[in-house]
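For reference, the structure is listed below as structure tokens.
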Amino acid sequence: MGEFLEAAFISGLMGAMMRMATPIIFATLGEILAERSGVLNLGIEGIMLMGAMTGFLVTFGTGSLWFGVLMAAIVGMILGLLMAFLSVNLGLSQHVSGLGITLFSTGLAMFIYRLYFGSPTVPPIVPPFKQVSLPLLSKIPVIGPGLFTQYTLTYLAWLLIPVMSILLYKTKMGLKIRTVGENPVVADTVGVSVILTRTLCLVVGGALMGVGGAFLTLAHQNMFLIDVIGGRGWVSIAMVIFGNWDPLKGAIGALIFGFLDGLQLRLQGLGFHISFHIFLMIPYLLTIVALIGVSRKASVPASLLKPYRREEKGG
Amino acid sequence: MIRMRITRREPLPKWARVVIPIAAIVTTLILSAIPILLAGGHLWKSYYYLFYGALGTRFNLLETFVKASPLLLTGLAVAFAFRAKFWNIGAEGQLLAGALAATVLGVSLGGIPGFLVLPVIIIGGFLAGGIWAAIPAILKTKLKVDDVVSTLLLNYVMIHIMGALLFGPLQQPGSSWPRSSAIIEAAQYPILLTRSRFHLGILIALLAVLVIWFINKRTVFGYRAKAVGVNIRAAHFGGINTTAVILWTAMVSGGLAGLAGVGELCALQYRLIMDISPGYGYSGIVIAMLGNLHPVGVLFSALFFSVIIVGAHTMSRMTGVPTYIAEVIQGMALMIMLIFLLFTEYRIKVVRK
């Protein structure tokens, strides 16, 4: 009996870890793309919330989950474009532009939600995504059922990790992005448009953030609550630093966060009377501790936070 | 093809620094028509109730000051930190730290003379916010941890500390809700005007404007903080102890945010609840930027936002536009102000080529 419970517990924990890591992986990859091109996108928390709201609203209206995900990605792209306009075209402070996007998107998400649904006593719900078991892999004892019975979006997130690595390190486009992020003057000299590259990275990154948000309202939960993101965007920013701007290492950070988040949910479910707030706090504390560990040897993209203006070369 | 070119311009005259925020506010109000119309609100009626709700009666006007008090304090907190380029996004957590300290003191100080209770609580709340802000300052200066990220993450840590305490030792005996016992009467801020909620905290916030203005303009510390903000390396080579400047800046900034928490607790709620702040710490960022990081500017932008927030409730009741319009307007105001500020330093030329 004890053994069976243990196996079920581990399997469940593995499953929860994968699930809770998914939105962080999407958002972390989106942020890595933006930061590798030289732009810190603090709009991430708001973009995720808009993605979560849009995905839910569109699915509620049309009944199509994938259409909801698509629209969440598109809204993420639009907000990425707005971030690009402020921080790249106009060269405004990336810190403040990003926070502006987050504040604006947060307000807008609630505003649109209230406009559409009013203030219902019971939050409206949609039938969420169903989990898919991978053949063979999900039959591995103990860890298999948990790890390989997941939402399609989770598999997609994992697929995106090598895709992002290959894009950044093995393609010409990746070389351009990294050059723009490290030394925009050089990039400009060899004919790479700094503005266009950064804009593209913010737009694609925004799409990933939007999808990460939509996962929370269409798979993890089936409703939109005001605190659905709950700081996951900021955690993703921390994961980018933790992972030293590398997709794979960032994803490992996301997995650790997912593990703690999952453990917290499991222990709560098992009726452990540890105040669940203390458990909710641990991922954030550990993230800060992790940052202390990596910050001193961090290899920040050299031109991060610096707007690029041709007239001020070398400035 | 049309291209934008952004080039530096001569510094604008002083009047522009006043005109530009006003222009930003007017532009924001005009653009607010878009969400109002989207919500199906009648445009003029909506604007009318927005301002009537905030300024139309004596009670409403005084309520606007009540709302402005925490906004003013968090706005000052952020402005003071940003001026020294300490990116304090953690005013929300520091506010909660202040409210938490005020709760602990406010329920337990029954034994000391009444006139001492409020001073102890105010100092305690200031210190709690200040110490909570000192953590990211130390992480930044000693361990090179990015202050934006650490202050943000610490907000969530503080929310959960508060939650753990409100479900634990601070929970009101017999209650199943996450709320504390009520503070003692001597710990309540006095109401200064009858038939209103105009309380001591508003005076404290106004006093803080003067104090911050004085520190910025008339003290060596204010000069050093500015030097660190403009160029930290130059400040360092100029003999300024930049670590100490950042640490003290953070403490004062966090302390101001802590006072906002004390005010919310001791003047309005009288007991700690989870949603004691609807995001005043984050609004502080917008207010600081709109006020151009200047204490007097922060005063006016806090009042402006307070008008929007208080007025949005009346507008919502009368026209059905959701109250979250206040948040939308705040976000828009920040971005518009940013763009307008750009014009103070740069000119934008549209060139065809």
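The values are calculated or read from the model by the stated rules, or taken from the named source; none is laboratory data. What you are looking at is a predicted structure, and each value in this text was computed from that prediction instead of being measured. Cβ atoms come from the backbone with ideal geometry, glycine included; neighbour counts cover every protein chain shown. For the accessible areas, the whole protein counts, side chains as well, though only heavy atoms, and no ligand, DNA or RNA atoms are used. Shrake-Rupley method; radii C 1.70, N 1.55, O 1.52, S 1.80 Å.
The requirement of being more than 30 Å from B:GLN94 (Cβ to Cβ), touching a residue at least 12 places away in the same chain (Cβ under 8 Å), hydroxyl-bearing (Ser, Thr, Tyr) and open to solvent by less than 10 Å² (accessible area, probe 1.4 Å) is satisfied by B:SER46.
Could you tell me which residue of the range B:303-340 is most open to solvent (accessible area, probe 1.4 Å), considering only residues that are more than 8 Å from chain A (Cβ to nearest Cβ) and closer than 22 Å to A:GLY98 by Cα? For the range B:303-340, the residue satisfying everything is B:PHE340. Taken over the range B:106-151, the criterion of being modelled with pLDDT under 90 and under 15 Å from B:SER253 (Cβ atoms) is satisfied by B:VAL148 alone. Within the range A:225-239, residues that are facing chain B (nearest Cβ under 10 Å) sit with their Cβ atoms under 8 Å from residues that are assigned to a helix (DSSP H, G or I) and open to solvent by 30 Å² or more (accessible area, probe 1.4 Å), at 6+ positions apart or across chains, in these pairs: A:GLY230/B:TYR156; A:GLY231/B:TYR156; A:TRP234/B:TYR156.
Residues in the range A:179-187: is at least one of a type in the set (Gly, Ala, Ser) and either surrounded by fewer than 20 Cβ atoms within 10 Å (Cβ to Cβ) or farther than 20 Å from A:PRO307 by Cα (or both)? Can you show your working first?
Keep residues of the range A:179-187 that are of a type in the set (Gly, Ala, Ser), which gives A:181, A:187.
Imposing the further condition that a residue be either surrounded by fewer than 20 Cβ atoms within 10 Å (Cβ to Cβ) or farther than 20 Å from A:PRO307 by Cα (or both) reduces the set to none.
No, the range A:179-187 has no match at all.
Residue-level check: of (1) in contact with a strand residue (DSSP E or B) (Cβ under 8 Å, 6 or more places away or on another chain); (2) among the small types (Gly, Ala, Ser); (3) closer than 22 Å to B:LEU50 by Cβ, B:GLY263 misses just (3).
Is it the case that B:PRO173 is more than 24 Å from B:SER283 (Cβ to Cβ), touching a strand residue (DSSP E or B) at 6+ places or on another chain (Cβ under 9 Å) and surrounded by fewer than 21 Cβ atoms within 10 Å (Cβ to Cβ)? Reasoning before the result, please.
Working: more than 24 Å from B:SER283 (Cβ to Cβ): yes; touching a strand residue (DSSP E or B) at 6+ places or on another chain (Cβ under 9 Å): no; surrounded by fewer than 21 Cβ atoms within 10 Å (Cβ to Cβ): yes.
No; evaluated as a whole, the condition is false for this residue.
Quick one: is A:ALA219 in contact (Cβ under 8 Å) with a residue 60 or more places away in the chain, away from chain B (no Cβ under 14 Å) and part of a helix (DSSP H, G or I)? The answer is yes for A:ALA219.
How many of the residues in the range B:1-48 are within 29 Å of the chain's Cα centre (by Cα) and among the basic types (Lys, Arg)? Residues meeting the conditions: 2. Note on the range B:156-185: residues that are in a helix (DSSP H, G or I) and either within 14 Å of chain A (Cβ to nearest Cβ) or on the phi > 0 side of the Ramachandran plot (or both) total 12.
Go through the range A:224-235 and give me each residue that's under 28 Å from A:GLY61 (Cβ atoms) and either outside any loop (DSSP other than H, G, I, E, B) or aromatic (Phe, Trp, Tyr) (or both). Across the range A:224-235, the qualifying residues are A:PHE224, A:ARG232, A:GLY233.
Quick check on the range A:34-48: of everything there that is open to solvent by 10 Å² or more (accessible area, probe 1.4 Å) and assigned to a helix (DSSP H, G or I), which residue is nearest to A:LYS306 (Cα to Cα)? Steps first, answer last, please.
Step one: filter the range A:34-48 for residues open to solvent by 10 Å² or more (accessible area, probe 1.4 Å), giving A:36, A:40, A:45.
Pick out the ones that are also assigned to a helix (DSSP H, G or I) and you get A:36, A:45.
On the way: A:ARG36: 12, A:GLU45: 21 Å.
Here the residue is A:ARG36.
Only residues that are within 19 Å of A:GLY210 (Cβ to Cβ), more than 7 Å from chain B (Cβ to nearest Cβ) and small (Gly, Ala, Ser) were counted across the range A:84-104, and they come to 3.
Of the residues making up the range A:105-129, those that are more than 9 Å from every other protein chain (Cβ to nearest Cβ) and either within 30 Å of B:THR7 (Cα to Cα) or in contact with a helix residue (DSSP H, G or I) (Cβ under 9 Å, 6 or more places away or on another chain) (or both) number 9.
Run down B:PHE51, B:PHE86, B:PHE65 and say which single residue is in a loop (DSSP other than H, G, I, E, B) and either surrounded by fewer than 24 Cβ atoms within 10 Å (Cβ to Cβ) or not β-branched (Val, Ile, Thr) (or both). So that I can check it myself, show each step before the final result.
Values: B:PHE51 fails: in a loop (DSSP other than H, G, I, E, B); B:PHE65 fails: in a loop (DSSP other than H, G, I, E, B).
Among B:PHE51, B:PHE86, B:PHE65, only B:PHE86 is in a loop (DSSP other than H, G, I, E, B) and either surrounded by fewer than 24 Cβ atoms within 10 Å (Cβ to Cβ) or not β-branched (Val, Ile, Thr) (or both).
Of all the residues that make up the range A:177-197, how many are assigned to a helix (DSSP H, G or I), polar (S, T, N, Q) and more than 22 Å from the chain's Cα centre (by Cα)? Total satisfying the criteria: 2. If you go through the range B:179-205 and keep only what is within 16 Å of B:GLN269 (Cβ to Cβ) and polar (S, T, N, Q), you end up with B:SER180, B:SER181, B:GLN188. Among the residues that make up the range B:120-143, is at least one of them aromatic (Phe, Trp, Tyr), open to solvent by 50 Å² or more (accessible area, probe 1.4 Å) and away from chain A (no Cβ under 14 Å)? Yes, the range B:120-143 has at least one match.
Can A:LEU81 be described as within 14 Å of another protein chain (Cβ to nearest Cβ), outside any helix (DSSP H, G or I) and open to solvent by 10 Å² or more (accessible area, probe 1.4 Å)? Spell out the reasoning first.
On the way: within 14 Å of another protein chain (Cβ to nearest Cβ): yes; outside any helix (DSSP H, G or I): no; open to solvent by 10 Å² or more (accessible area, probe 1.4 Å): yes.
Spelling it out, it is not the case that A:LEU81 is within 14 Å of another protein chain (Cβ to nearest Cβ), outside any helix (DSSP H, G or I) and open to solvent by 10 Å² or more (accessible area, probe 1.4 Å).
Beta carbons closer than 8 Å, at least 6 apart along the sequence or on distinct chains, pair a first residue in the range B:16-39 that is within 14 Å of another protein chain (Cβ to nearest Cβ) with a second that is open to solvent by less than 40 Å² (accessible area, probe 1.4 Å) and not in a helix (DSSP H, G or I) for B:PRO35/B:VAL321; B:ILE36/B:VAL321; B:ALA39/B:VAL321; B:ALA39/B:PRO322.
Could you identify the single residue in A:SER275, A:SER295 that is at the interface with chain B (Cβ under 9 Å from one of its Cβ atoms), at pLDDT below 75 and open to solvent by less than 30 Å² (accessible area, probe 1.4 Å)?
A:SER295
Quick one: which helices (runs of 4 or more DSSP H) lie wholly within the range A:88-176 and hold at least 3 residues that are of a type outside the set (Asp, Glu) and under 19 Å from A:PRO301 (Cβ atoms)? The qualifying helices (runs of 4 or more DSSP H) are A:94-117, A:152-170.
Surrounded by fewer than 22 Cβ atoms within 10 Å (Cβ to Cβ), in a loop (DSSP other than H, G, I, E, B) and at positive phi - does that describe any residue in the range A:54-75? Yes, because at least one residue in the range A:54-75 is surrounded by fewer than 22 Cβ atoms within 10 Å (Cβ to Cβ), in a loop (DSSP other than H, G, I, E, B) and at positive phi.
From the residues in the range A:99-131 that are of a type in the set (Phe, Trp, Tyr) and in contact (Cβ under 8 Å) with a residue 40 or more places away in the chain, which one is most open to solvent (accessible area, probe 1.4 Å)?
Looking only at the range A:99-131, we keep the residues that are of a type in the set (Phe, Trp, Tyr), and these are A:104, A:111, A:113, A:116-117, A:129.
Now restrict to residues that are in contact (Cβ under 8 Å) with a residue 40 or more places away in the chain: A:104, A:113, A:116, A:129.
Working: A:PHE104: 34, A:TYR113: 23, A:TYR116: 124, A:PHE129: 25 Å².
So the residue we want is A:TYR116.
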